[in-house]
Amino acid sequence: MSPMAPNTDGTADILQPIPTELPKELSLVSKTPTIAVIGGGMSGLRAAQVLLQKGYRVVVYEARDRLGGRIFTSNRLGKAVDLGPNWIHGTDNNPVLSLAEKSGSKLHHFSEHCPTYGFDGKPLDQAEADELSELMWRVIERAVEYSKHCHPAIPVEKSFYDYCAEKAEELFGTRAAEDEKRKKELWLSLAEMWGTFIGSPVERQSLKYFFLEEPLEGANIFVAGTYKTMIDTMSKPSLDAGTVRLNTPIDEIITPAPGSRNRVTLKSSQKPEENCEVDAVIVTIPLGCLKREVINFQPKLPKRMLEGIDSLSYGTLEKARLLPYG
């Protein structure tokens, strides 16, 4: 996700901790509170899992005919293929790795050395490629720290690429030596590859909010056994509880005024029989759905939140799978 320009200067507002307790109002409910989770992707399923463990009644509403969200394993070609995520990026304290191990997913560790090709289409000397790559990751780490600690002073229009260009001058100087110029150009090209990890050009990534992209430490692991086993493990508690509603898009959420004893109203124009009242709602629908305002929130979401939704964007990646034929 590209952190482009929410209009604030305070990191404290951006990095608010995730609540570990539910609102106090739920403790006033005489019976077991019912909590609706809108969206059956990884976030929604995890939220439902935790709430069920704590003894709440949970209903998961999913607009599609399946769970998993952007995690989707297809068997259309006779082989299981992930059409969504394939990797676990960063293994240190990564809960996704713990889930993969718990669910028995087959994982594959690739070599750290990746073939790198120059502008002429020929492979670079591996030692030089490793040196430039290591330098790139060091600069990324420094950019994260600089963004984190100097956030208020960084102009929102300054991009990560601008930062890399400045560092290139420091690292390789302005000398006209051909080898020096070649290294600088190669290194800047490698720096641009960060955009392929995020799915958004480095010229569009605001340095001011670059710390929001801080990667986890550790290895990059390919999920060879597909993500399906992880989704199956995550969705089991909700499916066992019998409270999953597939093909049920919620298109209106009416929240009562603060202090009111009324409950939250959910409405589905496609399935009006699912209209109901609940004690609390967790919305985990995709960013694109929030941008298109597929849910009518009453009252409307706060202006600050709407500005954040408008200013964020997903990266765009393309995937090609090569499968054995015959």
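Figures for the structure shown
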quantity: Fluctuation leader among Ala153, Ala63, Ala168 - the chain, Gaussian network, Cα springs under 10 angstrom; calculated: Ala153
quantity: Ranking of Ile309, Ile250 by count of other Cβ atoms within 10 Å, fewest first; calculated: Ile309, Ile250
quantity: Centre separation in Å (Cα based) which lies between the stretch 245-264 and the stretch 282-326; calculated: 20 Å
quantity: Entry for Cα extents along the principal axes in Å (calculated from the structure that is shown) out of (i) 76, 57, 32; (ii) 65, 39, 35; (iii) 53, 48, 41; calculated: (i)
quantity: Estimated Rh, the stretch 126-213: Kirkwood, alpha-carbon pairs, angstrom; calculated: 13.4 Å
quantity: Euclidean distance of C-alpha centroids, the stretch 216-236 and the stretch 74-126, integer Å; calculated: 10 Å
quantity: Ascending count of other beta-carbon atoms within 10 Å, so fewest first, for Val281, Val156, Val60; calculated: Val156, Val281, Val60
quantity: Test item: Cα-centred dipole of the stretch 126-213, Lys/Arg +1 and Asp/Glu -1 on Cβ, debye; calculated: 300 debye
quantity: Over the stretch 68-137, relative contact order from alpha-carbon pairs under 8 Å, at least 6 apart, %; calculated: 14 percent
quantity: Computed [θ] at 222 nm, deg cm²/dmol, the chain (DSSP H ≥ 4; -39,500 (n - 2.57); rounded to nearest 500); calculated: -10500 deg cm²/dmol
quantity: Separation in nanometres of the label points that stand 7 Å from Cα toward Cβ, at Asp310 and Asn93; calculated: 3.6 nm
quantity: Two-site label geometry, Ala219 and Arg204: point separation in nm, points 7 Å out along Cα→Cβ; calculated: 3.3 nm
quantity: Gyration tensor (alpha-carbon) shape descriptor, the stretch 262-326, a/c threshold 1.5; calculated: oblate
quantity: Cβ-derived FRET efficiency at R0 35 Å, Glu252 paired with Trp137, nearest 0.05; calculated: 0.15
quantity: Computed label-point distance, nm, for sites Ser111 and Lys300 using a 7 Å Cα→Cβ extension; calculated: 5.7 nm
quantity: Within the stretch 101-118: backbone nitrogen closer than 19 Å to the Lys79 label point (7 Å, Cα to C-beta); calculated: 106-110
quantity: Fluctuation leader among Asp65, Asp251, Asp130 - the chain, Gaussian network, Cα springs under 10 angstrom; calculated: Asp65
quantity: Candidates Ala129, Ala280, Ala241, ranked by Gaussian network fluctuation over the chain, Cα under 10 Å, top entry; calculated: Ala241
quantity: Exposure proxy ranking, count of Cβ atoms within 10 Å, fewest first, for Cys164, Cys289, Cys114; calculated: Cys114, Cys289, Cys164
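Laboratory data are not the source of any read-out in this text; all were calculated from the coordinates shown. All of these numbers come straight from a predicted model, not from anything done at the bench. Here Cβ is always computed from backbone atoms with ideal geometry, including for glycine, and neighbour counts include all displayed protein chains.
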